[in-house]
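Worksheet: one structure, shown below.
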Amino acid sequence: MTGDPKMRPNRHDLGRVFNEVPELYDRVRPQYPDELFADLGAVTSMDERSSVLEVGCGTGQATRSLAALGCSVTAVEPGADMAALARHRIASFRNVEVETSTFEEWDNRGRRFDVLVAASSWHWVDPSIGWQRAHDMLHPGGWMALLGHVVVRRPGEPEVYAETADLHERFCPGNPDWGHPPLEEDVRGTDEGWGLVDDPGELFGPTIVAQRS
């Protein structure tokens, strides 16, 4: 980022903004297609016997879909208000537990999981801690799944992000890529994935990329 380092927003400070308006966040945040979780189940062999750790569950949008697969879900969310709304949203499921904590400081009480899922949340985790913790909390042969939305543009359509670049610079300075989303055809034509934050090194095996819209 550019400018005075003292004026740069901290990743946890930015994340706390969502916690102040959980209902609004839940209403406007894009949902995840059911096919995405069908793909996740097929790739990881996730079923009702599986244990899943969800990092940064927010208001429980992805949590509901994970719980519907029948697996046991432990969801970790640092925002108290977001976690409270998530508990309300998933109250009908008996196979989900929501705990309020950052992933970096969360006490797993020695538990290990078959799958770790982070839906549009892994970028909030400190990579110097997160990748190793994720690896250590998985059973041997376990899976880590990073889910997210990719903003794309199509030829001839208005450049909405470019037109609002001043707002992005105001609230998230030094992030020029926000004003220039990739072309849809470029996203669909790659198997390398988009938006990964930092490199986990050799902690995990080859990446599998699946796209749904």
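The values are calculated or read from the model by the stated rules, or taken from the named source; none is laboratory data. What you see is a predicted model; the values in this text were computed from it and never measured. Backbone-built Cβ (ideal geometry, glycine too); neighbour counts: all protein chains shown. Areas reflect the complete protein model, heavy atoms only, side chains present, ligands, DNA and RNA absent. Shrake-Rupley method; radii C 1.70, N 1.55, O 1.52, S 1.80 Å.
Applying the condition of being exposed (fewer than 14 other Cβ atoms within 10 Å of the Cβ) and either in contact (Cβ under 8 Å) with a residue 12 or more places away in the chain or touching a strand residue (DSSP E or B) at 6+ places or on another chain (Cβ under 8 Å) (or both) to segment 128-150 and asking which residue is nearest to Arg49 (Cα to Cα) yields His139. Of all residues being out of contact with any strand residue (DSSP E or B) (no Cβ under 8 Å at 6 or more places or on another chain) and in contact (Cβ under 8 Å) with a residue 40 or more places away in the chain in segment 80-101, which is farthest from Trp124 (Cα to Cα)? Just the residue, please. Only one residue fits best here, namely Arg89.
For (1) of a type outside the set (D, E, K, R); (2) at pLDDT below 95, each residue gets a yes or a no:
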residue	(1), (2)
Glu35	no, yes
Val52	yes, no
Val55	yes, no
Thr63	yes, no
Ser101	yes, no
Val115	yes, no
Trp124	yes, yes
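Among residues of segment 111-125 that are under 17 Å from Val151 (Cα atoms), those with a Cβ under 8 angstrom from a residue that is assigned to a loop (DSSP other than H, G, I, E, B) and among the aromatic types (Phe, Trp, Tyr), sequence gap 6+ or separate chain, pair up as Ala119/Tyr32. Just one of the listed residues (Arg49, Arg27) is open to solvent by 10 Å² or more (accessible area, probe 1.4 Å), of a type in the set (D, E, K, R) and under 16 Å from Leu85 (Cβ atoms), namely Arg27. Tally up the residues in segment 58-103 that are open to solvent by 30 Å² or more (accessible area, probe 1.4 Å), more than 18 Å from Gly148 (Cβ to Cβ) and part of a helix (DSSP H, G or I), please. Residues in segment 58-103 being open to solvent by 30 Å² or more (accessible area, probe 1.4 Å), more than 18 Å from Gly148 (Cβ to Cβ) and part of a helix (DSSP H, G or I): 7 in total. Candidates are the residues of segment 151-176 that are among the acidic types (Asp, Glu) and open to solvent by 70 Å² or more (accessible area, probe 1.4 Å); the one that is modelled with the lowest pLDDT is Glu157.
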